[in-house]
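The values are calculated or read from the model by the stated rules, or taken from the named source; none is laboratory data. Note that the structure is predicted; figures quoted are calculated from it, not measured. Neighbour counts are summed over all protein chains in view; Cβ atoms, including those assigned to glycine, are modelled from backbone coordinates with ideal geometry. To get the accessible areas, we keep the full protein, side chains included, count just its heavy atoms, and leave off ligands, DNA and RNA. Shrake-Rupley method; radii C 1.70, N 1.55, O 1.52, S 1.80 Å.
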Amino acid sequence: MPLYELVCISRGQISPESMRALLNRSALTVMDRGGAVRGFVNMGRDTPLPYRMKRHMEYHTRGTFWLMHYFSNPKTSNVLMNQLKLDPRVIRCNVVKITDKVSEMAAFSGGSI
């Protein structure tokens, strides 16, 4: 299975409970379809966006940036993206394929998988 990275911007004034539910839902979407979540990275909470963004008929100037690294098949990534695009807590999201080679995965993880 390839290693993917989900890059996501959620609302700036999101409560910790709502953020926890969003992360949990993203992880369960991957795991229910046979994937494995490697981890989450918080990139900044309630930080200014580089420009004003419109999503779900609202303009946003602040956001919470986070990453999720996971192993899954390509169809799971499509399902995850479709779910996140419909979620009103999410402003922007994108999935990047990191690698599908085992040797590069070991280098990415810092030693062993």
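Values computed for the structure shown
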| quantity | calculated |
| --- | --- |
| All positions within segment 37-51 that are open to solvent by less than 50 Å² (accessible area, probe 1.4 Å) and under 15 Å from the mean Cα position of the chain (by Cα) | 37, 39, 44 |
| Long-range neighbours under 8 Å by Cβ, at least six apart or interchain, first residue outside any helix (DSSP H, G or I) within segment 22-37, second among the aromatic types (Phe, Trp, Tyr) and surrounded by 14 or more Cβ atoms within 10 Å (Cβ to Cβ) | 35/70; 35/71; 36/70; 36/71; 37/70 |
| Members of segment 6-15 that are within 12 Å of residue 81 (Cα to Cα) and either out of contact with any Leu (no Cβ under 7 Å at 6 or more places or on another chain) or open to solvent by 20 Å² or more (accessible area, probe 1.4 Å) (or both) | 7 |
| Per-region count, segment 62-107, residues modelled with pLDDT under 85, loosely packed, with under 15 Cβ neighbours inside 10 Å and outside any loop (DSSP other than H, G, I, E, B) | 5 |
| Answer residue from segment 20-36, given it is open to solvent by 20 Å² or more (accessible area, probe 1.4 Å) and under 20 Å from residue 64 (Cα atoms) and is nearest to the chain's Cα centre (by Cα) among those | 23 |
| Members of segment 32-41 that are under 17 Å from residue 9 (Cα atoms) and modelled with pLDDT of 95 or more | 40, 41 |
| Matching residues, segment 52-81, being within 23 Å of residue 16 (Cα to Cα) and under 12 Å from the mean Cα position of the chain (by Cα) | 64, 65, 66, 67, 68, 69, 70, 80, 81 |
